[in-house]
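One structure is given below, encoded as structure tokens.
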């Protein structure tokens, strides 16, 4: 048996993180035990309407992951595979909540594999207590006056409160 040399591995976990949920953080914490570096790539899609702007989303991620080793937060646009190549990542990290996530993520994973066979897609299951939580659901509940404190870390909850106040003032 030959000894293997350790090659630092960078994984990119991309998303809108609008807002960051406890489910997202659970995946990030677990990824830190598996990879040397985890890049949280905050996506922007011109066809999407965000509650938090990209700077706010990055600030929340930085605040909530400050104590995690090897994590960095960056914005990204365009194809994820191109971004991964630019940052030297070998892994695309995706979180899965339910079978409906799997169908979508599987299709995207296959497309990424076709475009960039040198990149691996790794799926991490979310903690079962977070399985039903999505950013879209949280925004819907909060927009209708519901309490979402149990779904969001403190920095995300505060940012979302400010954004909703701005929106209602317009």
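The values are calculated or read from the model by the stated rules, or taken from the named source; none is laboratory data. Remember, it's a predicted structure, so these values are computed and weren't measured experimentally. Because the Cβ atoms are built from the backbone with ideal geometry, glycine has one as well, and the counts that use them run over all protein chains shown.
Among the listed residues 60, 27, 42, 71, identify the single one that is more than 30 Å from residue 144 (Cα to Cα) and at pLDDT 95 or above.
Going through 60, 27, 42, 71 in turn, the sole match is 71.
Taking the criterion of being over 16 Å from the mean Cα position of the chain (by Cα) and at pLDDT 95 or above, would at least one residue in region 92-100 satisfy it?
no
Tell me the helices (runs of 4 or more DSSP H) entirely within region 71-150 that contain at least 2 residues that are in contact (Cβ under 8 Å) with a residue 60 or more places away in the chain and touching a strand residue (DSSP E or B) at 6+ places or on another chain (Cβ under 8 Å).
Filter on region 71-150 gives 80-87.
Test residue 41 against the criterion of being part of a strand (DSSP E or B) and in contact with a helix residue (DSSP H, G or I) (Cβ under 9 Å, 6 or more places away or on another chain), and give yes or no.
yes
Can you tell me which residue in region 32-44 is nearest to residue 11 (Cα to Cα), limited to those that are in contact with a strand residue (DSSP E or B) (Cβ under 9 Å, 6 or more places away or on another chain) and surrounded by fewer than 20 Cβ atoms within 10 Å (Cβ to Cβ)?
By that ranking, first place goes to 37.
Considering region 109-131 alone, what residues qualify as being surrounded by fewer than 16 Cβ atoms within 10 Å (Cβ to Cβ) and more than 16 Å from the chain's Cα centre (by Cα)?
The answer is 110, 111, 113, 114, 115, 117, 118, 128, 129.
Does region 45-65 contain at least one residue that is surrounded by 15 or more Cβ atoms within 10 Å (Cβ to Cβ), in contact (Cβ under 8 Å) with a residue 40 or more places away in the chain, assigned to a strand (DSSP E or B) and touching a helix residue (DSSP H, G or I) at 6+ places or on another chain (Cβ under 7 Å)?
no
When region 132-160 is examined, which residues are found to be over 18 Å from the mean Cα position of the chain (by Cα) and surrounded by 15 or more Cβ atoms within 10 Å (Cβ to Cβ)?
142, 148
Out of region 12-25, which residues are in contact with a strand residue (DSSP E or B) (Cβ under 8 Å, 6 or more places away or on another chain) and either crowded, with 22+ Cβ neighbours inside 10 Å or part of a helix (DSSP H, G or I) (or both)?
Those that are in contact with a strand residue (DSSP E or B) (Cβ under 8 Å, 6 or more places away or on another chain) and either crowded, with 22+ Cβ neighbours inside 10 Å or part of a helix (DSSP H, G or I) (or both): 12, 13, 17, 23, 24.
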